[in-house]
Amino acid sequence: MSSVHRYKLGQISKVTLAFFSMTILFQNCSNQGFDSVNTINPTIAGTVVTPTNPTTPPVPPVTPPTSNPPPTQNPPATDGNLLGCTTAADCKKKEQDAQLILGQTNQTTATNCFADKSSNACLFFKNPVASKGSLFPTVANNSMDLSSYQNFAVNLDPASYEVATGCLKNSTYRIRTDITWTATTVTVNDACFPGLDFKVPYRNDTTFRLAAVMAHHYLNFQKTFMLNWTGHWYSSGKNIEVLSYIAKPSYDNNAAFSGDTATGSGLIFMGGFKTNINPVGALQETALSAEVYLHEAGHGNVFFAANAIEDHTKNIACGSSGKSLCCDTYKGCFRAINEGLADYHALIMFPKNTAIGESLVNNVDGFLEGTLRRNYSKLGALLPQEVYSSPAGTVVDGEIHILGRIWGSIWYEARLAANSQIGARGVRSIDKVFSAHLAALTGDDDFLSACQKSIALANSTDGGLVAAILTAECARRGF
Ligand SMILES: [Zn+2]
């Protein structure tokens with residue numbers, strides 16, 4: 001039932017060349033092993049390069065937190081936590097509100113999803129660790145049986161897939177699987193589920209089918225939610241190819257978005273996490289972690305919102321990659337803003353579960369870059385000066401993924417403040433301003449100018465409801 005499409009590598013390369021190579025999940029800034037720069041070399045068609053790691057500089061002292069207290073880390077396995085709910089009654093009400101906003105009143109949860117006749121897909125809530133509610137004894141991988149943790153029971157939105165074939169594609173996302181890559185040709189297949197049975201138990205999963213269903217549901221859910229919640233989803237209708245698992249070593253331990261200015265479309269690539277984790281070759285597909293591709297989709301959202309920004313005047317080359325993957329000062333640059341806003345895209349969906357990558361590395365605080373893990377509940381006190389120069393142990397000054405935490409944290413902390421001071425209305429107003437600011441960014445922006453633009457937008461949104469909150473949060477970081 002699946003259709004096969006072949007790409008000449010030159011076409012992939014063309015996509016890559018059209019934008020600033022690829023927007024990747026990591027730079028070479030980790031001491032935990034997932035540190036390769038998996039980006040297509042723009043000068044060689046389809047070739048993937050992996051630079052060596054520069055020396056790690058000394059670690060600066062870390063300032064104690066002075067930020068808003070972190071939210072309670074007990075996300076209900078429902079949509080309720082999309083709105084930052086705290087109590088059962090609060091969650092019920094906000095879930096009803098969210099379902100109204102989303103138009104997804106068909107979502108359910110089940111203790112045994114596979115026996116639940118009211119759902120047609122059994123997912124991990126966010127990722128295997130979040131769904132389980134605790135770490136695994138060792139990093140989970142596809143040689144294990146994790147099906148008992150697939151407790152997020154959903155009905156995939158029939159508008160999101162091709163009903164006649166069960167293929168997971170629509171005008172915004174096309175999920176691909178069974179991907180093989182030779183020296184000259186990439187072969188991909190649509191992910192299709194005849195009979196519309198999307199329930200795939202993750203049990204010795206060597207065909208990566210659950211990865212496809214996970215990617216499909218969360219990406220489309222994000223698109224629908226953001227469009228209804230904030231009024232914008234800029235990549236709607238852009239026919240983005242989603243390669244849900246690439247069995248190619250160069251894509252191990254990473255994920256990427258690549259925009260194509262020539263076709264007005266884009267690609268999301270996902271590999272599997274292996275290095276230092278599963279030495280015998282087993283893996284955990286990146287696509288099992290929703291927050292990772294919600295981040296990548298965030299890059300896509302700003303790519304289409306801001307007309308594919310290509311000039312990055314405050315970016316500089318750094319490390320061994322020779323690419324513009326650092327900012328010239330602690331005040332930031334577009335690419336750091338891009339990394340932070342990409343993380344915030346994931347935080348909007350999982351506001352009480354703020355780690356990025358916790359299942360892939362089996363650590364509740366997510367990815368380790370330098371000495372900083374990527375968990376926004378613990379980054380509220382971060383100042384840009386602290387993380388710019390020898391940023392917390394990373395390998396180069398001003399690396400965009402680490403410095404970018406400042407931008408993600410400004411929005412996350414503003415969201416927490418809006419929730420405590422105003423409630424759900426304030427949270428929504430913050431997200432509306434966030435969504436609007438994507439279209440106002442340019443390649444010349446740094447944190448200060450992006451703050452100024454965002455505050456101006458906040459003044460003109462909902463009667464200036466959250467303008468003071470955003471102003472205060474920017475000021476607290478020095479902008
Ligand atoms: Zn990124």
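The numbers here are math on the coordinates, done by the rules we state, and not lab data. These figures come from a predicted structure and were not determined experimentally. Virtual Cβ from ideal backbone geometry, glycine too; neighbours counted across all protein chains shown.
Please say if region 144-223 is rounded, prolate or oblate, where rounded means a/c under 1.5 for a ≥ b ≥ c the square roots of the C-alpha gyration tensor eigenvalues, and otherwise the choice is prolate for a/b larger than b/c and oblate otherwise? Mind dumping the intermediate values first?
Numbers: a/c = 1.85, a/b = 1.13, b/c = 1.64.
It is oblate, given that a/c is not under 1.5 and a/b is not larger than b/c.
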message: Tell me the net charge near ALA458. Cut-off is 11 Å between Cβ atoms, ALA458 excluded, with +1 for each Lys or Arg and -1 for each Asp or Glu.
response: 0
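Can you put TRP233, TRP407, TRP181 in order, fewest other beta carbons within 10 Å first?
Working: TRP233 23, TRP407 29, TRP181 20.
The fewest-first ordering by Cβ neighbours comes to TRP181, TRP233, TRP407.
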query: Going down the list LYS126/LYS223; LYS199/LYS248; LYS199/LYS274; LYS314/LYS453; LYS223/LYS331, which pairs span over 22 Å between their C-alpha atoms?
result: LYS199/LYS248; LYS199/LYS274; LYS223/LYS331
- prompt: By counting other Cβ atoms within 10 Å of each Cβ, how are THR182, THR165, THR263 ranked from fewest to most?
  reply: THR182, THR263, THR165
Gained length - LEU448 relative to ALA308, 0.36 nm times residue gap less alpha-carbon distance: 48.3 nm
query: Under 20 Å from the Cα of LYS117, which aspartates and glutamates turn up, not counting those fewer than eight places away in the same chain?
result: ASP79, ASP157, ASP197
- request: Under 13 Å from the Cβ of LEU135, count the other residues' Cβ atoms, weight Lys and Arg +1, Asp and Glu -1, and hand me the total.
  value: -1
query: What full-extension length gain, to one decimal in nm, is calculated for THR182 and ARG203 as 0.36 nm per residue of separation minus the Cα-Cα distance?
result: 4.7 nm
- prompt: Counting Lys and Arg as +1 and Asp and Glu as -1, what is the net charge of the other residues whose Cβ lies under 13 Å from the Cβ of ALA159?
  reply: 0
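Can you work out the FRET efficiency for the pair ALA262 and ALA115, with r the C-beta to C-beta distance and R0 = 41 Å, to the nearest 0.05?
On the way: r = 48 Å, r/R0 = 1.18.
Calculated value: 0.25.
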